[in-house]
Amino acid sequence: MSNNLYIAASESQAGKSLIAMGFMELLSRHVKKIGFFRPIVRSDEDMDTHVKLIAERYKLPFKYSDMYGMTSSQALEFFQSGDQDSLLTGVLNKYKNLERECDFILIEGTDFRGTLVSFEFDMNARFANNLGAPILAVLNGHGKTIIEIGESMHIVRDTLANEKCKQIGTCINRVDENELTAIKGLLEKFGKPEEINFALPEKSILQKLTMRQVVRAIKAKHIYGNNEALNYDIMDFKVAAMNLEHILENINDRILVITPGDRTDILIGLLMSMMADNFPKISGILLTGGIKPSPQLARLMEGIRQIPLAVYGVNTDTYETAMAVSKIHPVLTPENERRITTALSHFEANVDIDILGQILRITSSEVVTPVMFEYELFERARANRKHIVLPEAEDERILRATEILLKRNVVDVTLLGNENDILKRAKSLQLNLTGVNIIDPYDNDLVHEYAAEYFKLRKHKGITKEQAYELMFDVSYLGTMMVHKGHADGMVSGAAHTTQHTIRPAFEFVKTKPGVSIVSSSFLMCFNDRVLVYGDCAVNPNPNSEELADIAISSAETAINFGIEPRIAMLSYSTGESGKGADVEKVRKATQIARERRPDLKIEGPIQYDAAIEPSVAKQKMPDSDVAGRATVFIFPDLNTGNNTYKAVQRAANAVAIGPILQGLNKPVNDLSRGCLVKDIVNTVVITAIQAQG
């Protein structure tokens, strides 16, 4: 088994960084200690964009200087002096230092932008040989005929053979969609069975700039707009120098407008166009000439911050600015999760990940990192797609999460809200919600059926038919009733509503599973090397012994559902038989009840946290226990302890906390924090889908 892979492009603009990130995604799901290395970067001061992307996205624990061999100016000196051996030795020494810290290193070759372009592919081949790495060649198929691509393949193979490289395969990227089948046939004809040979069609959006890339490249200064607006795609750019009415006639969706900074009329007109429903939504404005809006206009813009638009200024004139923008190359940046999701979805849709792993002979680590765990969740959700309803479509975070879920093809989504308003909002945010289902709470064919069902279930509580009908206009009740009736498999809410508002309908008519007396919650706590279950940290303030036993059993079921072997620690301030007092007795009794109800489960209690998780402490306090020192499910005696502990551990240990996951309901309904991030929403939806499978 090789412990490295070298990815090298045979020419510029081949999309090598996309391929490198696709492989990094695969490696991160199976290997704990991954490294990333580039033999040559442009600068030792400004971080290489590819290194920055990989290091930040995959949280690599290395300094920037550890992840490259030398700068292009240093390499040029060696070339000019004819001392290529020292060049190779210098790169090898840096690589070996990194290799000692890693189980696998992905190496990305050079960029074809420096003074050594004509030697680059040969040089990458030599680097690969000296680093002992098999090489994957990436060819640019954009604008080429099949004959030209075939010729490029032969040239690359001959070059690598002459350098005595081990070619592990070929990727032909940016292929015309209509030629994809023919290109795959070409790869099968000339490739070898043991190689990784694949082709990716052109994905035009990956060749487009974003506002963030433009702003960084030309060092523009912020005038208006939030950070999210920097992620907007730029399909084209236009210089606006004519009268406003003619400019409004010529703008299109997702363009960048470049205009002199003293054209106040254009700036105001474009801002107004963003507020109108019947005009295209541009991506941003660059004001040139170093002229900023007047204090009065700046104050006006400050008061209308809801407009999703980025306005930046530069000191260069309009012509210089337009020329500078035209020369910017698109890159993937770690801040732009939408673009990264698009890139990875494109890679995974066209490449068999399992076959790649087999050919690379990647052996999965016994350690489970957060990335590995998240990957398994997405794979499980994707394998048996479920339908999840999201009632809070007015929340921007919900719309952004919906786009990611649809792109990653893991669930079917229904949004509750006015369809026209949702689609307008999505367009203004440059979101693609193709495939989403939308139900208007005030205009649908379900309300009568749902109101009748609710009245039947709750009339014994004094609910009238009129009240039942009115409640079905409430998105929490409507969404929960969809789940109850089987029109959706689960619901996720709480980004804009309280916990009580979110889960009360589920308590009223979804009810608990047979044999479960209490709805509780748990968190999946993802550490660097394992995943643990914490319960209850969100719902029940002070459970009694019966309820605590129920929480333990429900948490064990949650652990099983997510592939975690349950070893349950019933936590207290005392371990074993030594402690006295009401709090310890409550836990002791709960442990006994849980053991009687589920003799098949490994349960220990009362036990202190350190004895439950640390083998050395367990050896002293409970040497004969099957759980002590190896616990995977931690049951806290009350909400105060549980909530504070999970938050303290999350921050102190830099753990990823997924949840809260509601346990014990007949069908899954999960609550979000009102401070949740888009990623939290995505993970909770995936968790809910897996609960629905179970």
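Mind listing just one residue for me: the one in the stretch 637-660 that is at pLDDT 90 or above and of a type in the set (Val, Ile, Thr) and, of those, nearest to the chain's Cα centre (by Cα)?
Looking at residues that are at pLDDT 90 or above and of a type in the set (Val, Ile, Thr), I get VAL649.
Among the residues of the stretch 658-675, write down those that are surrounded by fewer than 19 Cβ atoms within 10 Å (Cβ to Cβ) and closer than 23 Å to LEU399 by Cα.
SER673, ARG674, GLY675
Every residue in the stretch 204-241 that is among the β-branched types (Val, Ile, Thr), open to solvent by 10 Å² or more (accessible area, probe 1.4 Å) and under 20 Å from the mean Cα position of the chain (by Cα), please.
Across the stretch 204-241, the qualifying residue is only ILE205.
So, THR591, is that one hydroxyl-bearing (Ser, Thr, Tyr), closer than 21 Å to GLN663 by Cα, in contact (Cβ under 8 Å) with a residue 12 or more places away in the chain and open to solvent by less than 80 Å² (accessible area, probe 1.4 Å) or not?
Against the criterion (hydroxyl-bearing (Ser, Thr, Tyr), closer than 21 Å to GLN663 by Cα, in contact (Cβ under 8 Å) with a residue 12 or more places away in the chain and open to solvent by less than 80 Å² (accessible area, probe 1.4 Å)), THR591 qualifies.
Give all pairs with beta carbons closer than 8 Å in which a residue from the stretch 55-66 that is at positive phi meets a residue that is surrounded by 12 or more Cβ atoms within 10 Å (Cβ to Cβ) and modelled with pLDDT of 95 or more; count only pairs at least 6 apart in sequence or on separate chains.
Short answer, once both residue conditions are applied: none.
Being at positive phi and open to solvent by 20 Å² or more (accessible area, probe 1.4 Å) is the filter here, so list the residues in the stretch 536-588 that pass it.
GLY563, GLY581
Does ALA133 satisfy the condition of being surrounded by fewer than 16 Cβ atoms within 10 Å (Cβ to Cβ), aliphatic (A, V, I, L, M) and in a loop (DSSP other than H, G, I, E, B)? Before the answer, list the steps.
Values: surrounded by fewer than 16 Cβ atoms within 10 Å (Cβ to Cβ): no; aliphatic (A, V, I, L, M): yes; in a loop (DSSP other than H, G, I, E, B): yes.
No: the conditions fail for ALA133.
Quick check on the stretch 371-392: of everything there that is out of contact with any Asp or Glu (no Cβ under 8 Å at 6 or more places or on another chain) and either without any contact (Cβ under 8 Å) to a residue 24 or more places away in the chain or assigned to a loop (DSSP other than H, G, I, E, B) (or both), which residue is surrounded by the most Cβ atoms within 10 Å (Cβ to Cβ)?
Restricting to residues being out of contact with any Asp or Glu (no Cβ under 8 Å at 6 or more places or on another chain) and either without any contact (Cβ under 8 Å) to a residue 24 or more places away in the chain or assigned to a loop (DSSP other than H, G, I, E, B) (or both), the top hit is PRO391.
Please find, within the stretch 513-567, the residue that is nearest to ILE34 (Cα to Cα) out of those that are assigned to a strand (DSSP E or B) and in contact with an Asp or Glu (Cβ under 6 Å, 6 or more places away or on another chain).
The qualifying residue nearest to ILE34 (Cα to Cα) is SER521.
So PRO606 ticks every box in (1) crowded, with 24+ Cβ neighbours inside 10 Å; (2) under 19 Å from ASP536 (Cβ atoms); (3) in contact (Cβ under 8 Å) with a residue 40 or more places away in the chain but one. Which box is left unticked?
Among (1) crowded, with 24+ Cβ neighbours inside 10 Å; (2) under 19 Å from ASP536 (Cβ atoms); (3) in contact (Cβ under 8 Å) with a residue 40 or more places away in the chain, PRO606 violates only (3).
Give the residues of the stretch 313-332 that are farther than 16 Å from ILE266 by Cβ, open to solvent by less than 40 Å² (accessible area, probe 1.4 Å) and part of a loop (DSSP other than H, G, I, E, B), sorted by residue number.
ILE328, PRO330, VAL331, LEU332
Return the residue satisfying two criteria in turn: it lies in the stretch 405-436 and is in a helix (DSSP H, G or I) and open to solvent by less than 20 Å² (accessible area, probe 1.4 Å), and of such residues it is nearest to VAL475 (Cα to Cα).
ILE422
How many of the residues making up the stretch 444-462 are closer than 14 Å to ASP474 by Cα and of a type in the set (A, V, I, L, M)?
Here the count works out to 3.
Hey, any hits in the stretch 73-82 for a residue that's of a type in the set (Phe, Trp, Tyr) and within 26 Å of the chain's Cα centre (by Cα)?
no
Every residue in the stretch 212-242 that is in a loop (DSSP other than H, G, I, E, B) and touching an Asp or Glu at 6+ places or on another chain (Cβ under 9 Å), please.
Here is the first cut: in the stretch 212-242, the residues in a loop (DSSP other than H, G, I, E, B) are 219-220, 225-226, 232, 235, 240-242.
Correct list: MET235 only.
Given the structure, is ILE247 open to solvent by less than 60 Å² (accessible area, probe 1.4 Å), part of a loop (DSSP other than H, G, I, E, B) and among the aliphatic types (A, V, I, L, M)?
no
What residue, of ASP66, ASP46, ASP111, ASP83, is open to solvent by 20 Å² or more (accessible area, probe 1.4 Å) and farther than 27 Å from GLN213 by Cβ?
ASP83
Per-residue answers, yes or no, for (1) closer than 20 Å to GLY132 by Cβ; (2) modelled with pLDDT of 85 or more; (3) β-branched (Val, Ile, Thr):
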site: ASN4; (1), (2), (3): yes, yes, no
site: ALA14; (1), (2), (3): no, yes, no
site: MET21; (1), (2), (3): no, yes, no
site: ILE34; (1), (2), (3): yes, yes, yes
site: LEU76; (1), (2), (3): no, no, no
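Please verify whether the stretch 17-32 includes one or more residues that are free of Cβ contacts under 8 Å to residues at least 40 places away in the same chain and charged (D, E, K, R).
Scanning the stretch 17-32 turns up no residue that is free of Cβ contacts under 8 Å to residues at least 40 places away in the same chain and charged (D, E, K, R).
Out of the residues in the stretch 157-175 that are open to solvent by 10 Å² or more (accessible area, probe 1.4 Å) and hydrophobic (A, V, I, L, M, F, W, C), state the one that is nearest to ALA349 (Cα to Cα).
ILE168
Out of all the residues in the stretch 410-431, is one or more in contact with a Phe, Trp or Tyr (Cβ under 8 Å, 6 or more places away or on another chain) and closer than 21 Å to VAL669 by Cβ?
Yes, the conditions are met somewhere in the stretch 410-431.
Would you pick out the residues in the stretch 285-312 that are buried (at least 20 other Cβ atoms within 10 Å of the Cβ) and more than 27 Å from ASP395 (Cα to Cα)?
LEU286, LEU287, THR288, PRO293 - these are the residues of the stretch 285-312 that are buried (at least 20 other Cβ atoms within 10 Å of the Cβ) and more than 27 Å from ASP395 (Cα to Cα).
Of (1) surrounded by 24 or more Cβ atoms within 10 Å (Cβ to Cβ); (2) within 16 Å of TYR534 (Cα to Cα), ASN643 satisfies all except one. Which?
Status for ASN643: all satisfied but (1).
In the stretch 581-621, what count of residues is obtained for those that are at pLDDT 90 or above and part of a loop (DSSP other than H, G, I, E, B)?
Looking only at that region, the number is 6.
For every residue, the table says whether it meets (1) in contact with a strand residue (DSSP E or B) (Cβ under 6 Å, 6 or more places away or on another chain); (2) open to solvent by less than 20 Å² (accessible area, probe 1.4 Å); (3) of a type in the set (A, V, I, L, M); (4) assigned to a helix (DSSP H, G or I).
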site	(1), (2), (3), (4)
SER17	no, no, no, yes
MET24	yes, yes, yes, yes
SER73	no, no, no, yes
LEU76	no, no, yes, yes
LYS94	yes, no, no, yes
LEU98	yes, yes, yes, yes
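Anything in the stretch 458-498 that is under 15 Å from GLY417 (Cβ atoms), out of contact with any strand residue (DSSP E or B) (no Cβ under 8 Å at 6 or more places or on another chain) and outside any helix (DSSP H, G or I)? List them, or say none.
Those that are under 15 Å from GLY417 (Cβ atoms), out of contact with any strand residue (DSSP E or B) (no Cβ under 8 Å at 6 or more places or on another chain) and outside any helix (DSSP H, G or I): MET472, PHE473, ASP474, ALA495, ALA496, HIS497.
The values are calculated or read from the model by the stated rules, or taken from the named source; none is laboratory data. These numbers come from a predicted model, not from an experiment. Methodologically, a virtual Cβ is constructed for each residue, glycine included, from the backbone with ideal geometry; neighbour enumeration extends over all protein chains shown. Heavy atoms of the whole protein, side chains included, go into the accessibility calculation; ligands, DNA and RNA do not. Shrake-Rupley method; radii C 1.70, N 1.55, O 1.52, S 1.80 Å.
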